[in-house]
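The values are calculated or read from the model by the stated rules, or taken from the named source; none is laboratory data. The shown structure was predicted, so the numbers you read here are calculated from the model rather than taken from an experiment. Neighbour counts are summed over all protein chains in view; Cβ atoms, including those assigned to glycine, are modelled from backbone coordinates with ideal geometry. Protein only, heavy atoms only, side chains kept; ligands, DNA and RNA dropped before computing areas. Shrake-Rupley method; radii C 1.70, N 1.55, O 1.52, S 1.80 Å.
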Amino acid sequence: MFALSQVFTDLLKNIPRTTVHKRMDHLKVKKHHCDLEELRKLKAINSIAFHAAKCTLISREDVEALYTSCKTERVLKTKRRK
């Protein structure tokens, strides 16, 4: 599992967050919200910022799919209103 904040800052730093969130919805990425114990462990290994109040984790497979999607596809096909 990877911290979503770390994915944003390390892998997808040049891509707008709104675009990444749209891709996550499109790919149906499953998110896991950390409990207090997990949050403390992530802070201890410097995976997230010390002042973070919450954290979301995503699986390695979802990180790989998201990275591939953001780096290869330029525009998502969205439903447009007529």
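A count restricted to segment 1-24 and to residues that are open to solvent by 100 Å² or more (accessible area, probe 1.4 Å) and under 16 Å from Ser59 (Cβ atoms) stands at 1.
Within segment 6-55, the set of residues being among the hydroxyl-bearing types (Ser, Thr, Tyr) and part of a helix (DSSP H, G or I) comprises Thr9, Thr18, Thr19. If the condition is being within 14 Å of Met1 (Cα to Cα) and either open to solvent by less than 100 Å² (accessible area, probe 1.4 Å) or modelled with pLDDT under 90 (or both), then segment 46-72 contributes Ser47, Ile48, Cys55, Thr56, Leu57, Ile58, Ser59, Asp62, Val63, Glu64, Ala65, Leu66.
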